[in-house]
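Trainee: The structure under discussion is supplied below as structure tokens; questions concerning it will follow.
The values are calculated or read from the model by the stated rules, or taken from the named source; none is laboratory data. Since this is a predicted model, take the numbers as computed values, not measurements. Reconstructed Cβ throughout: ideal geometry from the backbone, glycine too, with neighbour counts over all protein chains shown. Heavy atoms of the whole protein, side chains included, go into the accessibility calculation; ligands, DNA and RNA do not. Shrake-Rupley method; radii C 1.70, N 1.55, O 1.52, S 1.80 Å.
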Amino acid sequence: WSIPDFPASLRAYGKDENSYYTRMSQNMMYERLLNQDPVTEDFTPWLATHWKISDDKMTYSFRLNPNARWADGKPVIADDYLATWKLMIDPTILSGGNQFYTDNFEMPKAESKYIISVKAKKLGWLYFDAAAGVKVLPAHYLTGLSGKDYLEKYNYDCIPGSGPYYIQKDDVEKGRSITMRRRSDYWGENERWAKGLNNFDVFKTIVVQDETLEFEKFKKGETDVYSVNRASWWAEKTDFDDVKNGLVVKKKIYNSKPGGTSGIALNMRKAPFDDQRVREAFAKLYDRKKFNEKLFYSSYTPLKSFFSSTPYANPNNKLVDYDLDGAIKLLEDAGYTQKNSDGYRMKDGKVLELELPFPQQAQEKYLTVYQEDLKKAGIKLNLKLVDGTTNFQIGNQRNFQMIMFAWGGQNPPSLEFSVTSNTADDANSTNWSGYKSARIDEIAKQYNITFERKDRYKQVQEIDSILFNMHPEVFGWYADYQRLLWHNKFGMPKWILSRGDDFYGGTDTSIFQMWWADTEKMASYDEGKKSAGGKKIDNGPVEEKYWVDVADRLNKGEAVKLNP
């Protein structure tokens, strides 16, 4: 498959760890103590075979599988977990998450070679999840290594993990490609939870920055899977001959992936976006209805929540529609009453002029419309095309006035990593805008100790309302489906994608772990390529709603068992 930008790092922890390719590769190289069932959301074994929560719900014990092995054959032991924890809390790795662990946990203990105990400093349901979700690294690679040394040594040179895949240093061609390989001696091969997974020996990811070239490479068979991110292309370009005859599968797949957030982050740390009225004015000038109808074939839903497509979204948030007059009034109330000879608004002698970096050429078609609508209100916007890696680094460094962004969602949300006030100043957090709220911090503390899920829904809905009305971001839109094309050579479970994630499995299981090479399909594919006009392959309906049906049955209280 292909990606538009080379990741800034391949590290499991530390600066620039939060790119989608890095998240995917981490999940395939490194393992956590526990996994979760996609239907019940109950914890299931992974590196740990057994676990226990103390009566006061503040001490967690985990028993590691004695069969678990690192890629070099050494056993995975309690000391590995402790060494990983020490790395996570080291502030010099610049991860932004170290404060969460130091504030909320005591240092874990190795009770024996294979038994770990973790004690939380506070009561909370989230803390068990956090302790169980640590991606464990081998202590014999970390011992004696400072955080600074770790950042320098393991940016693209990956520490071998316990997972089924690895990346060799020679398989990283900076700026061009990354190759992952399957371990022939993976310790978990015969574990029940690994059944049917990890079937490809090798898969390669190439960097293709030009969208048109990326699509053409897919059509030629140079890549196997293509995510169609543009509605116009889905409508106009995805019914080529190989799709019509079934050699390429076209599917719009609905699952329960949280909608996430996307749009334009406004830097609240500095003028003019330290004024809520200005932020709201910029939101009112972003004509999403026009974009959706004229450019996107009405394919998307405008965002009005930080937690869309989850029960945590506040249903009472009111959609921000295009309103030129309303935006002008807000700007004037904020003191931008004067105009210069070019018609741009001024305050204290300074022109309201801003720069907007954006990482994808395709975004220019609606950003230029936005630029014109801002001009009608007396705002000068300069657009600046940058590559994705640069855009990501600018955002992480908070070195912007406004910037394009897109974040995946979480269910349940980890508030202390995303919306609490400390995230505004933490490197690598997704809080690029810099929002802070004492009330949100207060609710987040209650959320952590609320064990009833429905009560947590109400708490986060209040947070959603507070954040939404701050207008820290000019919201874009989301889709409750994923549009994929792939060459018809693969077998896969009926659900095609994991329940709660993208095809690349940023936080869950990717298609590269779930799919397999199907010899019969490959033979039919090869035959179809040789004989133009031959027998067409029926790939069924374009829309796939397996997970929607699962959700409906769960809502009715029915028992659901996955049937591949």
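Trainee: Quick one: is GLU293 without any contact (Cβ under 8 Å) to a residue 24 or more places away in the chain and either surrounded by 22 or more Cβ atoms within 10 Å (Cβ to Cβ) or out of contact with any strand residue (DSSP E or B) (no Cβ under 8 Å at 6 or more places or on another chain) (or both)? Walk me through it before giving the result.
Mentor: Details: without any contact (Cβ under 8 Å) to a residue 24 or more places away in the chain: yes; either surrounded by 22 or more Cβ atoms within 10 Å (Cβ to Cβ) or out of contact with any strand residue (DSSP E or B) (no Cβ under 8 Å at 6 or more places or on another chain) (or both): yes.
It is true that GLU293 is without any contact (Cβ under 8 Å) to a residue 24 or more places away in the chain and either surrounded by 22 or more Cβ atoms within 10 Å (Cβ to Cβ) or out of contact with any strand residue (DSSP E or B) (no Cβ under 8 Å at 6 or more places or on another chain) (or both).
Trainee: Here's something else I'd like to know. Can you tell me how many residues in the stretch 310-353 are among the charged types (D, E, K, R) and either under 32 Å from the mean Cα position of the chain (by Cα) or in a loop (DSSP other than H, G, I, E, B) (or both)?
Mentor: Residues of the stretch 310-353 that are among the charged types (D, E, K, R), as a first pass: 318, 321, 323, 325, 329, 332-333, 339, 342, 345, 347-348, 350, 353.
Checking which are either under 32 Å from the mean Cα position of the chain (by Cα) or in a loop (DSSP other than H, G, I, E, B) (or both) leaves us with 318, 321, 323, 342, 348, 353.
So the answer is 6.
Trainee: Next up: If you go through the stretch 165-188 one residue at a time, how many are out of contact with any Pro (no Cβ under 8 Å at 6 or more places or on another chain) and open to solvent by 40 Å² or more (accessible area, probe 1.4 Å)?
Mentor: Counting residues in the stretch 165-188 that are out of contact with any Pro (no Cβ under 8 Å at 6 or more places or on another chain) and open to solvent by 40 Å² or more (accessible area, probe 1.4 Å) gives 10.
Trainee: Any idea which of ASN27, ASN104, ASN65, ASN98 is open to solvent by less than 70 Å² (accessible area, probe 1.4 Å), polar (S, T, N, Q) and at pLDDT 95 or above?
Mentor: Details: ASN27 fails: at pLDDT 95 or above; ASN104 fails: at pLDDT 95 or above; ASN98 fails: at pLDDT 95 or above.
So the residue among ASN27, ASN104, ASN65, ASN98 that is open to solvent by less than 70 Å² (accessible area, probe 1.4 Å), polar (S, T, N, Q) and at pLDDT 95 or above is ASN65.
Trainee: From the set of residues in the stretch 30-57 that are among the hydroxyl-bearing types (Ser, Thr, Tyr) and open to solvent by 20 Å² or more (accessible area, probe 1.4 Å), which is nearest to TRP193 (Cα to Cα)? Show your work before the answer.
Mentor: Pass one, the stretch 30-57, residues among the hydroxyl-bearing types (Ser, Thr, Tyr): 30, 40, 44, 49, 54.
Retained after the next criterion (residues that are open to solvent by 20 Å² or more (accessible area, probe 1.4 Å)): 40, 44, 49, 54.
Details: THR40: 15, THR44: 8, THR49: 11, SER54: 26 Å.
This residue is THR44.
Trainee: For the stretch 381-431, enumerate the residues that are under 27 Å from LEU126 (Cα atoms), in contact with an Asp or Glu (Cβ under 6 Å, 6 or more places away or on another chain) and among the small types (Gly, Ala, Ser).
Mentor: The answer is SER421, and nothing else.
Trainee: Can I ask one more? Considering only the stretch 192-203, state which residues are touching a residue at least 60 places away in the same chain (Cβ under 8 Å) and surrounded by 15 or more Cβ atoms within 10 Å (Cβ to Cβ).
Mentor: Residues satisfying the conditions are LEU197, ASN198, ASN199, PHE200, PHE203.
Trainee: Let me ask you something else. Of the residues THR84, THR44, THR59, only one is within 30 Å of VAL548 (Cβ to Cβ) and hydroxyl-bearing (Ser, Thr, Tyr); which?
Mentor: Working: THR84 fails: within 30 Å of VAL548 (Cβ to Cβ); THR59 fails: within 30 Å of VAL548 (Cβ to Cβ).
Being within 30 Å of VAL548 (Cβ to Cβ) and hydroxyl-bearing (Ser, Thr, Tyr) holds for just one of THR84, THR44, THR59, which is THR44.
Trainee: Please name all residue pairs, on different chains or six or more residues apart, with Cβ atoms under 7 Å, provided the first residue is in the stretch 206-221 and is in contact (Cβ under 8 Å) with a residue 24 or more places away in the chain and the second residue is among the aliphatic types (A, V, I, L, M) and buried (at least 18 other Cβ atoms within 10 Å of the Cβ).
Mentor: VAL207/ILE3; GLU214/VAL208; LYS217/VAL208; PHE218/LEU485
Trainee: Kindly list the number of the only condition in (1) modelled with pLDDT of 95 or more; (2) in contact with a strand residue (DSSP E or B) (Cβ under 9 Å, 6 or more places away or on another chain); (3) within 25 Å of GLN401 (Cα to Cα) that fails for GLY260.
Mentor: Evaluating GLY260 over (1) modelled with pLDDT of 95 or more; (2) in contact with a strand residue (DSSP E or B) (Cβ under 9 Å, 6 or more places away or on another chain); (3) within 25 Å of GLN401 (Cα to Cα) leaves (1) as the failure.
Trainee: I would also like to ask the following. Mind listing just one residue for me: the one in the stretch 138-168 that is within 30 Å of GLU191 (Cα to Cα) and among the small types (Gly, Ala, Ser) and, of those, farthest from the chain's Cα centre (by Cα)?
Mentor: Here the answer is ALA139.
Trainee: Mind listing whichever residues of the stretch 250-302 are of a type in the set (S, T, N, Q), touching a Gly at 6+ places or on another chain (Cβ under 8 Å) and not in a strand (DSSP E or B)?
Mentor: Selection gives ASN255, SER256, ASN267.
Trainee: GLN361: out of contact with any Leu (no Cβ under 6 Å at 6 or more places or on another chain), within 30 Å of PHE6 (Cβ to Cβ) and open to solvent by 80 Å² or more (accessible area, probe 1.4 Å), yes or no? Working first, answer last.
Mentor: Values: out of contact with any Leu (no Cβ under 6 Å at 6 or more places or on another chain): yes; within 30 Å of PHE6 (Cβ to Cβ): yes; open to solvent by 80 Å² or more (accessible area, probe 1.4 Å): yes.
Considered against the rule, which asks whether it is out of contact with any Leu (no Cβ under 6 Å at 6 or more places or on another chain), within 30 Å of PHE6 (Cβ to Cβ) and open to solvent by 80 Å² or more (accessible area, probe 1.4 Å), GLN361 comes out as yes.
Trainee: Going by what's in this entry, would ARG11 be described as touching a residue at least 40 places away in the same chain (Cβ under 8 Å), buried (at least 19 other Cβ atoms within 10 Å of the Cβ) and assigned to a loop (DSSP other than H, G, I, E, B)?
Mentor: On the way: touching a residue at least 40 places away in the same chain (Cβ under 8 Å): yes; buried (at least 19 other Cβ atoms within 10 Å of the Cβ): yes; assigned to a loop (DSSP other than H, G, I, E, B): yes.
For ARG11, the condition - touching a residue at least 40 places away in the same chain (Cβ under 8 Å), buried (at least 19 other Cβ atoms within 10 Å of the Cβ) and assigned to a loop (DSSP other than H, G, I, E, B) - is met.
Trainee: Same structure again: Mind listing just one residue for me: the one in the stretch 211-265 that is aliphatic (A, V, I, L, M) and farther than 30 Å from LYS535 by Cβ and, of those, most open to solvent (accessible area, probe 1.4 Å)?
Mentor: First, the residues of the stretch 211-265 that are aliphatic (A, V, I, L, M): 213, 225, 228, 231, 235, 243, 247-249, 253, 264-265.
Keeping just the survivors that are farther than 30 Å from LYS535 by Cβ gives 213, 231, 264-265.
On the way: LEU213: 86, ALA231: 4, ILE264: 0, ALA265: 1 Å².
Checked the stretch 211-265; the qualifying residue most open to solvent (accessible area, probe 1.4 Å) is LEU213.
Trainee: Still on this structure, I have one more. Name the single residue, out of those in the stretch 136-162 being in contact with a strand residue (DSSP E or B) (Cβ under 7 Å, 6 or more places away or on another chain) and under 30 Å from LYS57 (Cβ atoms), that is surrounded by the most Cβ atoms within 10 Å (Cβ to Cβ).
Mentor: Step by step, filter the stretch 136-162, then rank; the result is VAL136.
Trainee: Name the residues in the stretch 81-95 that are open to solvent by less than 50 Å² (accessible area, probe 1.4 Å) and within 23 Å of ALA48 (Cβ to Cβ), would you? Talk me through it step by step, then tell me what you get.
Mentor: Initially, the stretch 81-95 is screened for residues open to solvent by less than 50 Å² (accessible area, probe 1.4 Å), giving 81-85, 87-90, 93, 95.
Selection gives TYR81, LEU82, ALA83, THR84, TRP85, LEU87, MET88, ILE89.
Trainee: SER524 passes all but one of (1) surrounded by 13 or more Cβ atoms within 10 Å (Cβ to Cβ); (2) touching a residue at least 60 places away in the same chain (Cβ under 8 Å); (3) not β-branched (Val, Ile, Thr); which number fails?
Mentor: (2)
Trainee: Could I ask something else about it? Identify the single condition in (1) open to solvent by less than 50 Å² (accessible area, probe 1.4 Å); (2) within 23 Å of SER25 (Cβ to Cβ) that ILE116 does not satisfy, given that it satisfies every other one.
Mentor: Here ILE116 clears every test but (2).
Trainee: Still on this structure, I have one more. Looking at (1) out of contact with any Phe, Trp or Tyr (no Cβ under 8 Å at 6 or more places or on another chain); (2) aromatic (Phe, Trp, Tyr); (3) within 25 Å of PRO413 (Cβ to Cβ), find the lone condition where TRP477 falls short.
Mentor: Answer for TRP477: the failing condition is (1).
Trainee: Then there is this: In this structure, is ASN448 open to solvent by less than 10 Å² (accessible area, probe 1.4 Å), at pLDDT below 90 and on the phi < 0 side of the Ramachandran plot? Before you say what the answer is, go through the steps one by one.
Mentor: Working: open to solvent by less than 10 Å² (accessible area, probe 1.4 Å): yes; at pLDDT below 90: yes; on the phi < 0 side of the Ramachandran plot: yes.
Considered against the rule, which asks whether it is open to solvent by less than 10 Å² (accessible area, probe 1.4 Å), at pLDDT below 90 and on the phi < 0 side of the Ramachandran plot, ASN448 comes out as yes.
Trainee: Take the stretch 294-343 and flag every residue that is touching a Lys or Arg at 6+ places or on another chain (Cβ under 7 Å), under 26 Å from SER465 (Cα atoms) and hydrophobic (A, V, I, L, M, F, W, C).
Mentor: LEU319, VAL320, LEU324, ALA327, LEU330, LEU331, ALA334
Trainee: So ARG23 clears everything in (1) closer than 20 Å to ILE93 by Cα; (2) part of a strand (DSSP E or B); (3) of a type in the set (Lys, Arg) except one condition, right? Which one?
Mentor: (2)
Trainee: A further question follows. Which one is farthest from the chain's Cα centre (by Cα) among residues in the stretch 364-401 that are hydroxyl-bearing (Ser, Thr, Tyr) and open to solvent by 30 Å² or more (accessible area, probe 1.4 Å)?
Mentor: To start, the set of residues in the stretch 364-401 that are hydroxyl-bearing (Ser, Thr, Tyr) comprises 366, 368, 370, 389-390.
Now restrict to residues that are open to solvent by 30 Å² or more (accessible area, probe 1.4 Å): 368, 389-390.
Values: THR368: 27, THR389: 15, THR390: 18 Å.
Only one residue fits best here, namely THR368.
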